[in-house]
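Engineer: I'd like to ask you about the structure that follows.
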There are 2 protein chains.
Amino acid sequence: MGTGALPIAGSFSVVLDGYKEPRVDRAVQRFVRDLSQETGMPLRYEAVNPANATLVVHADYPSKPIQEVSEDESYVLDVSTSGAKLTAPNALGIMHGLQTFLQLVEITPTGFVAPAVHIEDSPRFPWRGLCMDVSRHFISQEVLKRNIDGMAAVKMNVLHLHISDDQGFRVESKEFPKLQQMGSDGRYYTQVEIRDLIGYASDRGIRVVPEFDMPGHATAWFVGYPELSSGPGPYQIERRWGIFDPAMDPSRESTYKFLDKFIGEMAELFPDAYFHIGGDEVNGKQWDGNKKIQDFMRANKLKTDQDLQQYFTLRVEKIVSKHHKIMVGWDEILGPNMPKTIVIQSWRGQDSLAAAAKQGYSGILSSGYYLDAMAPAQQYYSVDPMANADATLTPEEQKRILGGEACMWVEFVTDENIDSRIWPRAAAIAERLWSAQQLQDVGSMYLRLEAVSQRLELLELRHRSNLGQMFSRMAGTEDIAALRVLADAVEPVSLQIREEDAEKAGGIQTNDTPLNRMVDAIAPESEVGRRFSELVNQFVASNFQDDQVKAEIRALLVSWRDNDNRLRPLLQNSYLLKELSPVSQSLTLLGGAGLQAVDYIEKDERAPDSWRNEQIAVIQQVQKPAADLVLAVAPAVQKLVEAAAGTGAKK
Amino acid sequence: MGTGALPIAGSFSVVLDGYKEPRVDRAVQRFVRDLSQETGMPLRYEAVNPANATLVVHADYPSKPIQEVSEDESYVLDVSTSGAKLTAPNALGIMHGLQTFLQLVEITPTGFVAPAVHIEDSPRFPWRGLCMDVSRHFISQEVLKRNIDGMAAVKMNVLHLHISDDQGFRVESKEFPKLQQMGSDGRYYTQVEIRDLIGYASDRGIRVVPEFDMPGHATAWFVGYPELSSGPGPYQIERRWGIFDPAMDPSRESTYKFLDKFIGEMAELFPDAYFHIGGDEVNGKQWDGNKKIQDFMRANKLKTDQDLQQYFTLRVEKIVSKHHKIMVGWDEILGPNMPKTIVIQSWRGQDSLAAAAKQGYSGILSSGYYLDAMAPAQQYYSVDPMANADATLTPEEQKRILGGEACMWVEFVTDENIDSRIWPRAAAIAERLWSAQQLQDVGSMYLRLEAVSQRLELLELRHRSNLGQMFSRMAGTEDIAALRVLADAVEPVSLQIREEDAEKAGGIQTNDTPLNRMVDAIAPESEVGRRFSELVNQFVASNFQDDQVKAEIRALLVSWRDNDNRLRPLLQNSYLLKELSPVSQSLTLLGGAGLQAVDYIEKDERAPDSWRNEQIAVIQQVQKPAADLVLAVAPAVQKLVEAAAGTGAKK
């Protein structure tokens, strides 16, 4: 931090210096547009005398035509009271530095400014990705683009498209058009759209890695090409969730001929050096039940299904290499004789990754980064790809851990709520992958996450606004203040509980199931819950003396206690809200219990054990999930009750 | 209204019957997408057995390839508990009927439904337009498109693009490329984009009428082609607002040659039968100061500038006709010898329109429909193109009044706030132009306007969400509850006062002036102000007996009284909020005055005259505009004060 700040006025200007390439020019154009958006000032990007420029942007040398994983992404940003300079080896650092500049801008009593700073910045890991499943629900081009904008804002650099699975084959193949024609319900990206998307990402310093999952997770391929599979067919697009039997037939040469042609086509469409072949979750049932395959295994001395998959993967690796790509796959692809060039993406964990690194394989971490698990940001933030690696891996081996990828699996996610499932939590993962390992302050992280979240909505992400619309839709009115009070106090149950609940209810979840319930609309993490918990901790820490904190606690508790009465008419009018009735009553109970606790504390009177036990029983009861929701505020209410009973009199 | 309702379930299906054309098919595709959005159910549009279809759509005959003003737009919609049928002569009625269906859908305790109805519907006027100025500030293609969606939702059918003016020439000309190259700051629509836009509008039953304003309002043309003008040049793009001297030179044949070629090019680009040549606000100064033009006038016996403009307009009309278009222009184009085929768009009023109709001219009303005047919806709603026409015009003459256009002039409007300046108020004008003249219930209008407003946000219009972002930007935080309380209680001053204020402040408003102040961010009409005023009226009408109303009034008054304290820290931290300090204090004063009044009333005690006079003085004082805002809640507070002093004791 320096002293003072650079004013951002209508005369703000940028000059390009050093090596010039169109990508940098477009990045500066976007920067000026975004700065204009941040300030509400109509800024123009036009030629000015370099001596008068507010910001000088200097790249040393060209970036690679196809972005490489090893490219230098560092930058140096100097802001003084009179001007700013951004220097980087190449376009990638420039893009990152421009994002940092945008983050620095703030409003003050005298105008918008960027504080004086000297920043030397570079990422800890070269692979900072977001894996988006676009198969289980189709995610539109427009939504992908705004999420790419979000990724660029938090300096992520890999968009991994999980582009085919049992539920949909989402890209146009000209060689095998039945893939998309029969395997997508008409919801796929044309090759023109893919090229456009890759250009859009490349312009923002983001590589696009396609994943075509094989030999399992491939039902959608078999609808048009049943001969690829190990079963008799015919096939239909799978609409349920889970692990299914269909798998490619590794015993037939025609399978590899098909894949050679197909991978050749896709290797050209996707210019990135890496090509992801999935490889996860093959249950082997089709192989076990196919006599020819069993014969083949015997003839080739392949004892287990795992051996057979290894055989398949080795053959596929040769094809991928032939088309000048580096193969990436999930943990399962690793096995004997696999060339050291491949990359393992681990859903199993850091130990699996470290083991691979010891064997000479590069890897990226996704275990712990599954956004669909609906965990709080701090949990993702605490997961480090190098956990324990210092102790167990040599520096050489450590370098093989390339980074990580947040994963957005979309069983319960659509265009409408995907932004809120990714953002702002993915920003916490982005920071983990960019910044120093010892950066662990959760309080600071949440403060900055809030600022990032606000910026992301400016970038047209709809992680907040779309949810409001979903609330209004459920209620049939925009007068939803009471619904918001409830929505702010709850969180979705874990994915596992949600799946179990659906099963218990006898309903099979498919991609035709409407995702229009409260659990689909609320944010994964309750900000009010976190805030209330902080307040209670502060209250306890102040030995119950902090009156302002007490007032805030009371206000929240009162709003909960009184909410069920206000909310009931809405709940009665909507079939989508009916299921919230017990949750709403529980919140009212919690509000009442918390208020009684505060009363005891205020009167400096120790609450009787019988009261305490009653309240705890209530709290335990209301903490059981209902409507696939949990009350995020319950644990802190329990803390208040315990305090009133145990330490309330101990001022 | 029938009995019962049609359930809208995941099995909802549509079948096309009768005459089929791609435009109808695409309309149904969008309908299914919108219905899916409204319900959160993943509906698909696919072939089903007609006998099983939920909705049967039947068009009798083809719509015109180029939409015509005289086309039948009627439709009949039948919804029963078991199915629905939409019938229309052609695609236009189908589109309108589908929008009506979407409006009918509501959530109930048992699911989404459309109530059973029989609707026979057709528009009162064939020309229901929105005129958008895209010159003074450039409005992007994306924003135009979402506004076209809004227009379609309220059954408007003409997008009038005011595409050139002193401040910018916004379309690509291949014949005269310096028009956009030098006259637009690079902000114009390419011909490809225009074709795309017209196709988008046509798909939604909306004609696109271009306006190229001439001979005045044309500075932007002269930057590249000074020889067209009546002055010596050179010219720069005008950045200020107002009426300027530059005008085309009507005395030179080269002007008409240019226009012939130009209009020929644009007549091809814009397929609509109508072509708008503006014609307004020529101050004649350049003509008066140009000796050649004065000689020309004498030689041609043109006595006044008006005569000269008439000469020009007649020449231009011949060119427009030659290119097979019907000329439209503002009031000023009307004069002797003008062919009866032309259409007058009136900014002067219904009398001007009626006078023209008597002379045989067709006309459309825009006077009273200027959205930039920031008037409340009910004011626009009260303006009828046929006001008094029943009495003064023959049926034949009445038919010449084709309808009206809402006008969005954009001196103080950008991409960011344009949605909120157009919506939802334009919907009130749309209803005026579609529905029966005797429909005048303002209360009902506002109820329905709220429902429409909610639907428009679902259509991706950002008239509400963008404003929230602007508040956050001004405050530098998302914690803006106190700012919202103030924002909800104020309205922008009239355009005229805003312009005067800018002048007094010595600042010249240009299109470089940031539009990021509170006055730019708030909605044109205060919903809270309207609500509060209703409450006070109800309270008075109940003879002060309605306790629930009283409680609501009190709650609002308390929130205002206490707001300045809460808001002050925000105001101090932002240069954009500083100017709100007096407004915030005024709101607190109003809250206090209102509460005292309610206290007197409650105590059944007549407030002393001295108190009353003091309060009235305060209220008068705070009603003076500050920061270009007025307190929308002041008049109702005054009513409370008067009630307390005059009638408070008269229970």
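The values are calculated or read from the model by the stated rules, or taken from the named source; none is laboratory data. Treat the numbers as computed from the prediction; the structure is a model and nothing was measured. Note: ideal-geometry Cβ built from the backbone for every residue, glycine included; neighbour counts use all protein chains shown. Heads up: the accessible areas ignore ligands, DNA and RNA and are worked out on the full protein's heavy atoms, side chains in. Shrake-Rupley method; radii C 1.70, N 1.55, O 1.52, S 1.80 Å.
Engineer: One residue is enough: does the stretch A:306-315 have a residue meeting the conditions part of a helix (DSSP H, G or I) and among the basic types (Lys, Arg)?
Structural biologist: Yes, because at least one residue in the stretch A:306-315 is part of a helix (DSSP H, G or I) and among the basic types (Lys, Arg).
Engineer: Right, another one. Take B:Arg298 and tell me if it is among the basic types (Lys, Arg), at pLDDT 95 or above and either touching a Pro at 6+ places or on another chain (Cβ under 8 Å) or buried (at least 19 other Cβ atoms within 10 Å of the Cβ) (or both).
Structural biologist: Judged against the criteria, B:Arg298 is not a match.
Engineer: Within the bounds of the stretch B:220-233, is there any residue that is surrounded by fewer than 17 Cβ atoms within 10 Å (Cβ to Cβ) and in a loop (DSSP other than H, G, I, E, B)?
Structural biologist: Checking the stretch B:220-233: at least one residue is surrounded by fewer than 17 Cβ atoms within 10 Å (Cβ to Cβ) and in a loop (DSSP other than H, G, I, E, B).
Engineer: While we're looking at this one, here's another question. How about the stretch A:109-120: which of its residues are within 14 Å of chain B (Cβ to nearest Cβ) and surrounded by 15 or more Cβ atoms within 10 Å (Cβ to Cβ)?
Structural biologist: Correct list: A:Gly111, A:Phe112, A:Val113, A:Ala114, A:Pro115.
Engineer: Oh, and also: One residue is enough: does the stretch B:72-92 have a residue meeting the conditions within 14 Å of chain A (Cβ to nearest Cβ) and more than 24 Å from A:Arg473 (Cα to Cα)?
Structural biologist: So the first thing to find is which residues in the stretch B:72-92 are within 14 Å of chain A (Cβ to nearest Cβ), and the list is none.
Looking for residues that are within 14 Å of chain A (Cβ to nearest Cβ) and more than 24 Å from A:Arg473 (Cα to Cα), one finds none in the stretch B:72-92, hence no.
Engineer: Got a number for residues in the stretch A:157-181 being assigned to a helix (DSSP H, G or I) and surrounded by fewer than 20 Cβ atoms within 10 Å (Cβ to Cβ)? Before the answer, list the steps.
Structural biologist: Of the stretch A:157-181, the ones assigned to a helix (DSSP H, G or I) are A:178-181.
The next check asks that each one be surrounded by fewer than 20 Cβ atoms within 10 Å (Cβ to Cβ); those that pass are A:178, A:181.
Residues meeting the conditions: 2.
Engineer: Another question about this same structure. Given the criteria without any contact (Cβ under 8 Å) to a residue 60 or more places away in the chain, within 13 Å of chain A (Cβ to nearest Cβ) and more than 16 Å from the chain's Cα centre (by Cα), does B:Leu447 qualify?
Structural biologist: The answer is yes for B:Leu447.
Engineer: Moving on. Does A:Val15 count as in a helix (DSSP H, G or I), in contact with a strand residue (DSSP E or B) (Cβ under 7 Å, 6 or more places away or on another chain) and more than 13 Å from chain B (Cβ to nearest Cβ)?
Structural biologist: no
Engineer: What helices (runs of 4 or more DSSP H) completely inside the stretch B:507-580 contain at least 1 residues that are open to solvent by 40 Å² or more (accessible area, probe 1.4 Å), within 14 Å of another protein chain (Cβ to nearest Cβ) and under 30 Å from B:Ala427 (Cβ atoms)?
Structural biologist: It comes to B:527-541, B:547-561.
Engineer: Now, a different point. Could you check B:Asp25 against (1) charged (D, E, K, R); (2) touching a Leu at 6+ places or on another chain (Cβ under 7 Å); (3) crowded, with 17+ Cβ neighbours inside 10 Å and say which number it fails?
Structural biologist: It fails just one condition, (3).
Yes/no matrix, rows are residues, columns are (1) of a type in the set (A, V, I, L, M, F, W, C); (2) in a helix (DSSP H, G or I):
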{"site": "A:Gly591", "(1), (2)": "no, yes"}
{"site": "A:Val598", "(1), (2)": "yes, yes"}
{"site": "A:Gln615", "(1), (2)": "no, yes"}
{"site": "A:Lys624", "(1), (2)": "no, no"}
{"site": "A:Pro635", "(1), (2)": "no, yes"}
{"site": "A:Ala644", "(1), (2)": "yes, yes"}
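Engineer: Could you count how many residues in the stretch A:405-427 are under 21 Å from A:Gln167 (Cα atoms), open to solvent by less than 10 Å² (accessible area, probe 1.4 Å) and of a type in the set (S, T, N, Q)?
Structural biologist: Total satisfying the criteria: 1.
Engineer: Only one of (1) away from chain B (no Cβ under 14 Å); (2) touching a residue at least 12 places away in the same chain (Cβ under 8 Å); (3) more than 30 Å from A:Trp221 (Cβ to Cβ); (4) among the small types (Gly, Ala, Ser) is not met by A:Ser135, so which one is it?
Structural biologist: Of everything listed in (1) away from chain B (no Cβ under 14 Å); (2) touching a residue at least 12 places away in the same chain (Cβ under 8 Å); (3) more than 30 Å from A:Trp221 (Cβ to Cβ); (4) among the small types (Gly, Ala, Ser), A:Ser135 misses just condition (3).
Engineer: Hey, does the stretch A:394-404 have a residue that's touching a residue at least 40 places away in the same chain (Cβ under 8 Å), buried (at least 23 other Cβ atoms within 10 Å of the Cβ), more than 18 Å from A:Leu439 (Cβ to Cβ) and touching a Lys or Arg at 6+ places or on another chain (Cβ under 8 Å)?
Structural biologist: Scanning the stretch A:394-404 turns up no residue that is touching a residue at least 40 places away in the same chain (Cβ under 8 Å), buried (at least 23 other Cβ atoms within 10 Å of the Cβ), more than 18 Å from A:Leu439 (Cβ to Cβ) and touching a Lys or Arg at 6+ places or on another chain (Cβ under 8 Å).
Engineer: Of all residues in the stretch B:31-57 being closer than 18 Å to B:Ala116 by Cα and part of a loop (DSSP other than H, G, I, E, B), which is farthest from the other protein chains (Cβ to nearest Cβ)?
Structural biologist: Of everything passing the filter in the stretch B:31-57, B:Ala53 is farthest from the other protein chains (Cβ to nearest Cβ).
Engineer: Can you tell me which of B:Ile277, B:Ile263 is in contact with a Gly (Cβ under 6 Å, 6 or more places away or on another chain) and among the hydrophobic types (A, V, I, L, M, F, W, C)?
Structural biologist: Of the residues listed, the single one that is in contact with a Gly (Cβ under 6 Å, 6 or more places away or on another chain) and among the hydrophobic types (A, V, I, L, M, F, W, C) is B:Ile277.
Engineer: Across the stretch B:451-468, which residue is farthest from the other protein chains (Cβ to nearest Cβ) among those that are open to solvent by 30 Å² or more (accessible area, probe 1.4 Å) and free of Cβ contacts under 8 Å to residues at least 60 places away in the same chain?
Structural biologist: B:Arg464
Engineer: Here's another thing I want to ask about it. Condition test on B:Arg239, is it modelled with pLDDT under 95 and charged (D, E, K, R)?
Structural biologist: yes
Engineer: Could you please tell me which pairs satisfy a Cβ distance under 7 Å, a separation of 6+ or placement on different chains, a first residue in the stretch A:469-491 that is more than 8 Å from every other protein chain (Cβ to nearest Cβ) and among the β-branched types (Val, Ile, Thr), and a second residue that is outside any helix (DSSP H, G or I) and open to solvent by less than 30 Å² (accessible area, probe 1.4 Å)?
Structural biologist: A:Val490/A:Ile522; A:Val490/A:Ser526; A:Val490/A:Leu629; A:Val490/A:Leu631; A:Val490/A:Ala632
Engineer: If I filter the stretch B:350-381 down to residues being among the aliphatic types (A, V, I, L, M) and under 22 Å from B:Thr394 (Cα atoms), which single residue comes out as most open to solvent (accessible area, probe 1.4 Å)?
Structural biologist: Only one residue fits best here, namely B:Ala355.
Engineer: Which of the residues spanning the stretch A:376-416 are modelled with pLDDT of 95 or more, farther than 19 Å from A:Asp331 by Cβ and of a type in the set (Gly, Ala, Ser)?
Structural biologist: Once the filter is applied, which keeps residues that are modelled with pLDDT of 95 or more, farther than 19 Å from A:Asp331 by Cβ and of a type in the set (Gly, Ala, Ser), the stretch A:376-416 yields A:Ala377, A:Ser382.
Engineer: Okay, moving on. Just to check your reading of the model, which residue among B:Asp245, B:Asp280 is over 22 Å from the mean Cα position of the chain (by Cα) and open to solvent by 10 Å² or more (accessible area, probe 1.4 Å)?
Structural biologist: After ruling out the rest, the residue left standing is B:Asp245.
Engineer: Filter the stretch B:428-443 down to residues that are open to solvent by 40 Å² or more (accessible area, probe 1.4 Å) and either within 9 Å of chain A (Cβ to nearest Cβ) or among the small types (Gly, Ala, Ser) (or both), then give me how many there are.
Structural biologist: So the answer is 2.
Engineer: Filter the stretch A:600-637 for residues that are within 22 Å of A:Asn565 (Cα to Cα), open to solvent by less than 70 Å² (accessible area, probe 1.4 Å) and free of Cβ contacts under 8 Å to residues at least 40 places away in the same chain and give the result.
Structural biologist: A:Gln615, A:Val618, A:Ile619, A:Val622, A:Gln623
Engineer: With the condition kept exactly as written, say whether any residue in the stretch B:129-136 is more than 18 Å from B:Tyr189 (Cβ to Cβ) and not hydroxyl-bearing (Ser, Thr, Tyr).
Structural biologist: Yes, the conditions are met somewhere in the stretch B:129-136.
Engineer: Among the residues of the stretch A:257-299, count how many are free of Cβ contacts under 8 Å to residues at least 60 places away in the same chain, assigned to a loop (DSSP other than H, G, I, E, B) and in contact with a Leu (Cβ under 9 Å, 6 or more places away or on another chain).
Structural biologist: Number of matching residues: 1.
Engineer: Just wondering, is there one or more residues in the stretch B:56-72 that are of a type in the set (A, V, I, L, M, F, W, C) and open to solvent by less than 10 Å² (accessible area, probe 1.4 Å)? Outline the logic, then answer.
Structural biologist: The first filter runs over the stretch B:56-72 and keeps only residues of a type in the set (A, V, I, L, M, F, W, C), leaving B:56-57, B:59, B:66, B:69.
Checking the rest, the ones that are also open to solvent by less than 10 Å² (accessible area, probe 1.4 Å) come to B:57, B:59.
Scanning the stretch B:56-72, I find at least one residue that is of a type in the set (A, V, I, L, M, F, W, C) and open to solvent by less than 10 Å² (accessible area, probe 1.4 Å), so the answer is yes.
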